[in-house]
Amino acid sequence: MNFTAIDFETANAQRNSACSLGLVRVKNGVIVESKEWLISPPEMYFHPMNVSIHGITEEDVANQPSFNYIWEEVEDYLHGEMVIAHNASFDVSVLRACLETYNIPFPEFDYMCTVQISRNIWPSMPNHKLNTMAHLFDIPLRHHDALEDTLACAKIAIKACEVMNTKNISDLAQEIRIAPGKLNINGYKAPKKIK
């Protein structure tokens, strides 16, 4: 069971305004590495609503690198991997917008969303938000901290594979009949339910 989990926080409503990225690498069902970056967005505008959610301010990122400077390191964790995120449509759209801003070609990877996974495996939950799912499994969580969110997402994915008795995320996707999303140089396809 090998995958990379990611989570972005943004400075404002613009998708390319990533100000933080959390990343967790899982090998053989075990979290083996975790990393976090603060990112200086292209436009240094932090909307008060975003700041109230994640607590990151302009001052926090003033001396941090822009996305293009961290990309080479980040790409090594994503290219050719299974990538997961909680509400992956958001995180993958932030990644795409950041890459497009700096004219960086898209990497190639398959991806899955732990919201979709959770809805399929635990349908009776009142909702499938990250904090709700983390609470269900007693996963400690400081919500909207990129690294904390990524760690919780990874643990939910591991739990889902255990519950469904599947060896990896691809097998899990097949079991719950979701076609993984794809990102590559030609664009992207979102994960979708197989009828």
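Throughout, read-outs are computed from the coordinates displayed, never taken from laboratory work. Bear in mind that the values here come from a model prediction, so they are computed numbers and not experimental data. Backbone-built Cβ (ideal geometry, glycine too); neighbour counts: all protein chains shown.
Key figures
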{"quantity": "Selected residue (criterion: nearest to Asn186 (Cα to Cα)) from residues of the stretch 100-128 that are within 17 Å of the chain's Cα centre (by Cα) and of a type in the set (Ser, Thr, Tyr)", "calculated": "Tyr111"}
{"quantity": "Among the candidates Ala152, Ala134, residue that is on the phi < 0 side of the Ramachandran plot, without any contact (Cβ under 8 Å) to a residue 60 or more places away in the chain and touching a Leu at 6+ places or on another chain (Cβ under 6 Å)", "calculated": "Ala134"}
{"quantity": "Residue match in the stretch 32-53 (condition: touching a helix residue (DSSP H, G or I) at 6+ places or on another chain (Cβ under 9 Å), surrounded by 14 or more Cβ atoms within 10 Å (Cβ to Cβ), aliphatic (A, V, I, L, M) and within 26 Å of Lys189 (Cα to Cα))", "calculated": "no"}
{"quantity": "Options Val92, Val115; residue that is of a type in the set (Val, Ile, Thr), touching a residue at least 40 places away in the same chain (Cβ under 8 Å) and closer than 27 Å to Lys167 by Cα", "calculated": "Val92"}
{"quantity": "Residue list for the stretch 140-169, filter: under 21 Å from Ser20 (Cα atoms) and more than 17 Å from the chain's Cα centre (by Cα)", "calculated": "Pro140"}
{"quantity": "Subset of the stretch 139-149 (residues that are without any contact (Cβ under 8 Å) to a residue 60 or more places away in the chain and charged (D, E, K, R))", "calculated": "Arg142"}
{"quantity": "Residue that is surrounded by the fewest Cβ atoms within 10 Å (Cβ to Cβ), among those in the stretch 1-31 that are touching a helix residue (DSSP H, G or I) at 6+ places or on another chain (Cβ under 7 Å) and among the small types (Gly, Ala, Ser)", "calculated": "Gly29"}
{"quantity": "Hits in the stretch 170-187 (condition: under 17 Å from the mean Cα position of the chain (by Cα) and either at positive phi or surrounded by 15 or more Cβ atoms within 10 Å (Cβ to Cβ) (or both))", "calculated": "Ser170, Ala173, Pro180, Gly181, Lys182, Leu183"}
{"quantity": "Hits in the stretch 1-33 (condition: of a type in the set (D, E, K, R) and closer than 14 Å to Ser93 by Cβ)", "calculated": "Asp7, Glu9, Arg15"}
{"quantity": "Odd one out for Ala97 among (1) of a type outside the set (Lys, Arg); (2) more than 13 Å from the chain's Cα centre (by Cα); (3) crowded, with 21+ Cβ neighbours inside 10 Å; (4) closer than 13 Å to Leu183 by Cα", "calculated": "(3)"}
